[in-house]
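Notes to accompany the following structure.
Bear in mind these aren't lab numbers, they're just calculated from the coordinates by the rules spelled out. Please read these numbers as outputs of a predicted model, since none were measured by experiment. All Cβ positions, even for glycine, are placed from backbone atoms using ideal geometry, and neighbour counts span all protein chains on display.
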Amino acid sequence: MFSSQRHLDARTPADGVGRLAFLQQLVTEFQTSTDDGAKEQVLANLANFAYDPINYNYLRELNVIDLFLDMLTESSEKLVEFGIGGICNLALDRSNKDYIISCGGVKLIIDVLSRPEEETVLSAITALMFLTTPQSKTEITAPSVVECMHRFAQSTSRRLSNLASVFLQDYCTDAQRQQAAESSGCGDSHIVGIPLPSSDNPSSADA
């Protein structure tokens, strides 16, 4: 359940740390920590806070969206996972959406489709759906992306296959889907997202 400001105020003692100050502490801890595990934990916490609209103004003020975007090019799969998770959590908001698009976030997210972890790829696909606008749709449904989704739709992972199929059905035209199918049939090796991501959950194909 999303929080209200009144609910948050009631939960914060008079001498306690306010929400903005607490988020600032997390950002500072992430920026100053030299421990990879600690950075991952802090980023995961920030991604969780990004789920609640009451935090959006704070996250924008603290440039956390930029932090999430910066993580998408990291070598650490966990940092990428939490970074794209944070983007996915806040991308439905109009102001956040416009900011991510204006910062070149769509290209960064498309690049994440080639990451090996399934959870990361699922968040990337969802984020692209959330970020689709008349202005961004051409980039989000570029041939290489549609071909990638066509390949994902053939995955043995039910979650990945279903989400990619929704993308193809709801965001692509018949002509785009047909072109993707024809390109995949020709064995094009340039398609984004090959090889298919792996899942740590062996039962994911049956989920």
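For the stretch 38-155, averaging the sequence separation of C-alpha pairs within contact (under 8 Å, six or more residues apart) and dividing by the residue count gives a relative contact order of 23 percent. Dipole orientation for the stretch 1-116: of the candidates 34, 75, 22, 22 has the Cα lying most toward the positive pole (charges on Cβ; Lys, Arg +1; Asp, Glu -1). If R0 is 25 Å, what FRET efficiency do you get for residue 24 and residue 111 from their C-beta distance, rounded to 0.05? Computed FRET efficiency for residue 24 and residue 111 comes out at 0.25. The Cβ shell under 13 Å around residue 128 holds other residues with a net charge of 0, Lys and Arg each +1, Asp and Glu each -1.
Mind running the shape call on the stretch 14-71? Use the C-alpha gyration tensor, a ≥ b ≥ c as the square roots of the eigenvalues: rounded below 1.5 for a/c, prolate if a/b tops b/c, oblate otherwise.
oblate
Among 129, 149, the order by Cβ neighbours within 10 angstrom, fewest to most, reads 129, 149. For the cross-link pairs 39/97; 39/78; 39/107, the ones whose C-alpha atoms lie over 18 Å apart are 39/97; 39/107.
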